[in-house]
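Chemist: For reference, the structure I am asking about is given below.
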Amino acid sequence: MDKKERLVLEDLVNAGTSEMEKFQNEVIRPVIKMQHTLLIVSFQNYLQKRKVDFSSLVDKKKRSKVSSVFKTDNNYKNLTLGFIIGQFSTEEFTFYSANSSEINRRILQIVTQRIKDSIVEIQ
């Protein structure tokens, strides 16, 4: 089993940064980056299970399909959130619990964009 080290992303937090932005940049983004491969494999598995011929779609349609999955499939959204939230420390989870709807929105927005930006990795 590989030991996962969370990356530290530099230069994302400034003096005027809100608590939510700070959490997003110090916790959410590094976790999503760490879980990148899992997120890609999970999305490939999703497409395969639903018999979506992703490779035959043009780029614009692929991006649209990614958005559509994250807008409409609550089970897949919750699975994706679990990949990220499961990496939180107890302290991070406490902050998450108090702000879950906003944090979930941010996580899904970042993951959706990340998958769109990584479309070439999806077979």
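Just so it is clear, none of the values below were taken in a lab; they were calculated from the coordinates. None of these values were measured; they are calculated from a predicted model. With ideal geometry, Cβ positions are generated from the backbone for all residues, glycine too; neighbour counts draw on all protein chains shown.
Chemist: Any idea which of N104, Q35, S56 is furthest toward the positive side of the dipole for the range 19-121, if Lys and Arg beta-carbons carry +1 and Asp and Glu beta-carbons -1?
Modeler: Toward the positive end, the furthest listed residue is S56.
Chemist: Looking at this model, which pairs from K65/K116; K33/K61; K22/K71; K33/K116; K22/K116 are more than 20 angstrom apart at the alpha-carbon?
Modeler: Details: K65/K116 9 Å; K33/K61 24 Å; K22/K71 26 Å; K33/K116 14 Å; K22/K116 24 Å.
From the list (K65/K116; K33/K61; K22/K71; K33/K116; K22/K116), the Cα-Cα distance tops 20 Å for K33/K61; K22/K71; K22/K116.
Chemist: Only four residue types carry charge here, +1 at the Cβ of Lys and Arg and -1 at the Cβ of Asp and Glu. Report the dipole size of the chain about the Cα centre in Debye, rounded to the nearest 20. Present the calculation step by step, with values, prior to reporting the outcome.
Modeler: Details: 20 positive and 15 negative charges, 164 e Å.
Dipole size: approximately 780 debye.
Chemist: In terms of modelled amide H atoms, which long-range or inter-chain residues lie less than 5 Å from the amide H of L57?
Modeler: Correct list: empty.
Chemist: Once phi is turned into θ = phi - 60°, what whole-Hz ³J(HN,Hα) does the Karplus curve with 6.51, -1.76 and 1.60 give for every residue of the range 107-116, x standing for Gly and Pro?
Modeler: For the range 107-116, the Karplus curve yields 4, 5, 5, 5, 5, 4, 5, 5, 5, 4 Hz.
Chemist: List D73, D117 from most exposed to least, where exposure is judged by having the fewest other Cβ atoms within 10 Å.
Modeler: Working: D73 14, D117 11.
Fewest to most other Cβ atoms nearby, the residues stand as D117, D73.
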